[in-house]
Amino acid sequence: MTTANGIRLVLFGPPGAGKGTQAQLLKESLGIEHVSSGDLFRHHLSNGTPLGELAQGYMNRGELVPDEVTIDMVIDRIDQISDADGFMLDGFPRNTNQAGALEAALRERGQRLDRVVHIQVEDGELIRRLSNRYVCRACQRPYARDAKTGAPPQKCAYCPDGGEIYQRDDDTEAAVANRLSVYHQETAPVLEFYRQRGLLADIPGEQPIDAVHHAVLRILDAAHAGAVSKS
Ligand code: ADP
Ligand code: ADP
Ligand code: ZN
């Protein structure tokens, strides 16, 4: 029986793997809601909320913001999404405690994840990508320097007034190095959590953006067919 339920997935991978890039493409092609914990924190930061103030120091150092505030922030956002829309999480969960809390919160709501898509990229390439990353302040879409000229983009191609392009405060060499070490120590164990649940799909991330997008779409087709046949 076919249900109107949207797909629920996690886009997983180290900083710079292309999660945000792929999320934008999936949002356009499938209309799934994008829930990025980093974007939520940056929103709090630019609005000067107490949560933003608390998060700022952790973010600038490339450390994880404490679970006590992070989990509630993300679950509150998920609660605003209708069953029919589905969601993709980007940047959450980042440790096994967050993964367990997410599983419990979804279970309470009679929901579960359909798939965890792991985009794999080596550290050297991640460092190159993050040092060349520019972001639209309005819509948070990631951009890169022009491969030929080395010039950053002038304005956002997707925002009506051409949103301002900037470099994130935490894409510095020191913060990036710390984010990668936090990824390997605290975040990578989440892969095993999802592997045990049969949810994990690995995708090579060092190929053109379009090729990664098509690989994700193929995995989601299979996941959704599975989700529907189980219902
Ligand atoms: P994440 O959300 O995982 O931290 P982003 O989507 O912000 O990663 O991508 C990081 C940087 O790498 C951005 O500048 C983006 O334009 C670039 N990028 C994303 N995917 C690819 C790819 N497949 N090949 C080359 N560069 C990419
Ligand atoms: P990237 O993918 O480039 O590492 P994000 O935008 O996902 O960047 O995250 C930026 C920062 O926000 C992280 O370095 C961390 O300080 C904080 N953050 C984002 N998501 C989480 C999370 N799930 N748990 C704890 N801290 C987080
Ligand atoms: Zn924009």
What pairs can you find where one residue is in the range 54-77 and under 26 Å from L106 (Cβ atoms), the other is of a type outside the set (D, E, K, R) and open to solvent by 70 Å² or more (accessible area, probe 1.4 Å), and their Cβ atoms are less than 7 Å apart, with a gap of 6+ or different chains? D67/N97; V69/L54
Select from the range 135-157 the residues that are in contact (Cβ under 8 Å) with a residue 24 or more places away in the chain and more than 10 Å from ligand 1 (Cβ to nearest atom) and write down the one among them that is nearest to the chain's Cα centre (by Cα). C139
The lone exception for R128 - which of (1) of a type in the set (K, R); (2) within 14 Å of ligand 3 (Cβ to nearest atom); (3) within 20 Å of Y183 (Cβ to Cβ) it fails: (2)
Can you list the strands (runs of 3 or more DSSP E) lying wholly within the range 1-107 that have 1 or more residues being within 12 Å of ligand 2 (Cβ to nearest atom) and among the polar types (S, T, N, Q)? 33-36
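So that you can scan it fast, the table gives a plain yes or no per residue for (1) among the aromatic types (F, W, Y); (2) crowded, with 18+ Cβ neighbours inside 10 Å; (3) touching a Ser or Thr at 6+ places or on another chain (Cβ under 6 Å):
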| residue | (1), (2), (3) |
| --- | --- |
| P14 | no, yes, no |
| A17 | no, yes, no |
| E33 | no, yes, no |
| H43 | no, no, no |
| T49 | no, no, no |
| G57 | no, no, no |
| E68 | no, no, no |
| F87 | yes, yes, no |
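Here's the yes/no breakdown for (1) touching a strand residue (DSSP E or B) at 6+ places or on another chain (Cβ under 6 Å); (2) at pLDDT below 95:
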| residue | (1), (2) |
| --- | --- |
| F87 | yes, no |
| N97 | no, no |
| D114 | yes, no |
| H118 | yes, no |
| V121 | no, no |
| R129 | no, no |
| A147 | no, yes |
| A174 | no, yes |
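Report, by residue number, each residue of the range 149-164 that is modelled with pLDDT of 90 or more and either charged (D, E, K, R) or within 16 Å of ligand 2 (Cβ to nearest atom) (or both).
Filtering the range 149-164 for residues modelled with pLDDT of 90 or more gives 149-159, 164.
Scanning the range 149-164 gives K155, E164.
The values are calculated or read from the model by the stated rules, or taken from the named source; none is laboratory data. These numbers come from a predicted model, not from an experiment. A quick note on method: Cβ atoms are made from the backbone with ideal geometry, for glycine too, and the neighbour counts reach across all protein chains shown. The protein model used for the area step is the full one, side chains on, heavy atoms only, and it has no ligands, DNA or RNA in it. Shrake-Rupley method; radii C 1.70, N 1.55, O 1.52, S 1.80 Å.
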